[in-house]
Every structure is written in structure tokens, then in C-alpha cells.
1. For the stretch 172-196, which residues satisfy the criterion of being closer than 30 Å to residue 223 by Cα, surrounded by fewer than 22 Cβ atoms within 10 Å (Cβ to Cβ) and not hydroxyl-bearing (Ser, Thr, Tyr)?
2. Starting from the stretch 43-57, keep only residues that are over 15 Å from residue 219 (Cα atoms), then list their pairs with residues that are modelled with pLDDT under 90 and part of a helix (DSSP H, G or I) whose Cβ atoms are within a distance under 6 Å, requiring at least 6 positions of separation or different chains.
3. Residues in the stretch 283-301: is at least one over 24 Å from the mean Cα position of the chain (by Cα) and among the hydrophobic types (A, V, I, L, M, F, W, C)?
4. Report yes if residue 110 is crowded, with 16+ Cβ neighbours inside 10 Å and either closer than 20 Å to residue 81 by Cβ or in the same structural domain as residue 167 (by the TED database) (or both), otherwise no.
5. Please work out which one of (1) in contact with a His (Cβ under 7 Å, 6 or more places away or on another chain); (2) part of a loop (DSSP other than H, G, I, E, B) is the condition residue 358 fails and give its number.
6. Where residues in the stretch 28-38 are within 26 Å of residue 121 (Cβ to Cβ) and part of a helix (DSSP H, G or I), which of them is nearest to the ligand (Cβ to nearest atom)?
7. Pairs please, first residue from the stretch 167-190 and outside the structural domain of residue 269 (by the TED database) and of a type in the set (Asp, Glu), second anywhere and buried (at least 22 other Cβ atoms within 10 Å of the Cβ) and modelled with pLDDT of 95 or more, Cβ atoms under 7 Å, 6+ apart in sequence or on different chains.
8. Quick one: is residue 129 crowded, with 16+ Cβ neighbours inside 10 Å, over 21 Å from residue 245 (Cβ atoms), within 16 Å of the ligand (Cβ to nearest atom) and not polar (S, T, N, Q)?
Amino acid sequence: MITEAKKDVIKATIPVLEAHGTEITTTFYQNMFKAHPELLNIFNQTNQKVGNQPKALAMTVLAAAKHIDNLEAIVPHVVGIAHKHRALEIKPEHYPIVGKHLLEGIQEVLGDQATPEIIDAWGDYYNQIAQVFIDVEQDMYQSAAWDGFRPFTVKKKEFMTPDIVRFTVDSDEVDKSFTAGQYITVKVKPADYPYEALRHYSICSNKTVDGITFAVKREGTDDTKGVVSNYMHDEIEVGDALFLSAPAGDFKVEDDHSELLFIAGGVGATPVMAMAEEAIAKGNDVKFLYSAINETHLPFKDQFENLEAEGADIRIKLSETEGFLNREDFAGNENREIYICGSMVFMNAMINELGEMGIDDSRIHFEPFGPKMSLQKV
Ligand code: HEM
């Protein structure tokens, strides 16, 4: 455990972390990938380019510094991150690599400001936090539905819209149980990409008779073209094998509320549709507000029809003609427990709007498709 004196040193670095956190983590990633190019097989390079992942790591380091006297406060964040780590097969032996380059990143960005005392205190604190992650992840590895990445066969490939495709994949060799709201992780090796690439996709239905379903949105154009989404759209066909790691993630319907509001945009409907199916099956009162661009870009019509038939109150708003979801749509639902999923931009907009309506943060649960800590207040 870190000493009280070293805790004071860490606390004194909070203003510097607030000012330079993302610069430190950006430098850290660049140096780490130079020294360990094999890690490019597990990190999402788009998140690096866009800067979400350096920001998420900086926010986590800041949260750890701010809550050093009460680490309990960051446990929910640790659990969410550990789910991603487990799904990506991050192992204890990776932690010293990250620790070394993180400390060197602090030194490089802060120069003389990073005294030996600061580096020493952060070294100790990093080891303490790393051990927490390693322990939590070890439990997750033990309880995962299967080990590592296992082959599944693509049973269906259905175009929901021109840019969203829904896959159904199956395997007789694994236990396909999961909690509604969780995601699977796909590992692919596109021919024109020098590394393996991993991506998380939320499971979009609890109905698994035909296999596990998830949806992939084609991302980007030209030089921003999403490596994996375009590969999945263009190259993966019915009958092909796909390697998946076991379901992970802590986005789920909490049991203590029966009046629920689900809010989703675009492909963000995926985890929320599974959660709504489960909530209805348990007898809850479900309202679902969904934002799509227009009729052409309105996916999952079959699933929305099923949800409605099962008792959900569904409102689909087409942004092109009716605008975005806003407080007028949310009015009257202030007492419901709220679950949101969508792009980072969508999440930000929804969380801000609900916050301005005076709805307490604790009642808003969300899952962005991207590093969650980059959106978190710490
Ligand atoms: C993701 C923090 C150690 C590899 C993340 C995320 C955070 C984070 C905040 C984003 C989670 C999300 O998507 O919501 C940390 C902290 C660590 C640590 C605080 C140390 C105490 C490691 C180690 C590795 C690793 C040792 C392996 C080299 C990854 C990868 C992702 C990730 C591959 C997914 C990011 C992406 O592909 O964009 N981590 N991590 N992390 N972490 Fe860690």
C-alpha cells in the first residue's frame, strides 16, 4: 500500500494532471507502440487517432489521484474497464509495460516538474492500481463463458440499412449465456491491414435459438475508413468463421426499478433492444425512444415490431424531418430509470439534455460505443 506521504505527493499532482493529462497519455501511447509494436494487434487505432483512448486513460489516472483516499469511488469505473480488458485478453504481464511507459510519459511531458519524488510516488501508486485491475480481471477470466477467442460460424448476414448489417453467429462448443446489455469481441485480420484488429459489438437480442446476433455499422470513408467495420461488411459472408471472445460488459438493467426509459440512436439500439426484451419479460414498464436519420436509415424494424408486440411503448423519431430527441420527448418520464446508448456525440447530447432537466446522474446509465471514461466526470 502507498504511504500517506506519497499520497500527498500524488494529490499535489492533480492540477498538473488536469492541465496535461491527455498530453501525457498521448505521449505514453506513442512511445509504448514504438517499443512494443505487437500491442498494435490489440489497441484500436481509430480511438488513438480520434484521441478518445488517451483521454479515457487520462481521466482514469485523474480519477485515481482525486479518489486516492477513497478508492471505493472508482470501483465501478475499474469494473467497466476490466470487462473491456478481459474481452481483449489483457494479461498481468502487460501491466509492467504500461507502467514503465506511463511514468516515462509523465517525465517527458513535465520535464523538471516531474521530480524523482513524484515519479517514485506515481510508480508505487500505479503498481497498487494495476494489482486491483489484475485481481478483478482474474475473477472475470474465471467466470467467462469461454476462454480466449473461439470460432463461430456466420449463419445470417442481414442488411438492416445500407450501412448497418446484422450478423447471427453460432457455435455448438460454447455456453452462449450472457446478460442483456453485454457485448462480444471480434478478432479479425483483414488482408490489407498489418495487424489483427479487435472490436466490441453489443449483442442485440436475448433470443439465441439461431445464435448470437450483433450489428456492425460501416464507419468512415477514404482515409478515415473503419478497418474492421468495412471488412465485416465487404468480406465476411454466411458460412465464414469468426473468432469471438466471451460476452463482457456491465451495462445492464438494475433490478430495483420497474419503470424504465431506454434511449438510443442509430446502431446504439443494439444493447438496449436486448435489455428492453429482458425487462419486458420480467414484467417491467418499458418506454423506448429511438432516433434514426430517416426511413432508409431505420434499422431493426423487425425487432422494434416485436418489442411493441411484447408491450413496449416505442417512439421512433426521424431526425431528418423531426429533429433530434430532446426534453420535449423526455417530458413525463422524469421518474423512470434511464438507459442510453449511441455514438459519443449522441451520448453527450442526451446526457446534457437530461442533466439540464434536473435528472440526477445516478439515474442515468449509459454505454457509449467508445472509451467510456472519455465522457465521465471524475
Ligand atoms: C482500454 C485504463 C492497463 C490495454 C482501457 C480504457 C481505460 C483503460 C480507461 C477504456 C475503456 C473503455 O473502452 O471504456 C487502463 C488503466 C490501466 C490499464 C488505468 C493500468 C492501471 C492496460 C494494460 C493494457 C491495456 C496493461 C495492455 C497492454 C487496453 C486496451 C484497451 C484498453 C487494448 C482498449 C482500447 C482501445 O482499443 O481503444 N484501459 N488500462 N490496458 N486498455 Fe487499459
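1. 187, 188, 189, 190, 191, 192, 194, 196
2. 52/374; 53/47; 55/374; 56/373; 56/374
3. So far as the stretch 283-301 goes, no, none of its residues is over 24 Å from the mean Cα position of the chain (by Cα) and among the hydrophobic types (A, V, I, L, M, F, W, C).
4. no
5. That leaves (1) as the condition not met.
6. That would be 32.
7. Taking only residues 6 or more apart or on different chains, the pairs are 170/152.
8. Judged against the criteria, residue 129 is a match.
The values are calculated or read from the model by the stated rules, or taken from the named source; none is laboratory data. Fair warning: this is a prediction, and the values are worked out from it, not measured in the lab. Because the Cβ atoms are built from the backbone with ideal geometry, glycine has one as well, and the counts that use them run over all protein chains shown.
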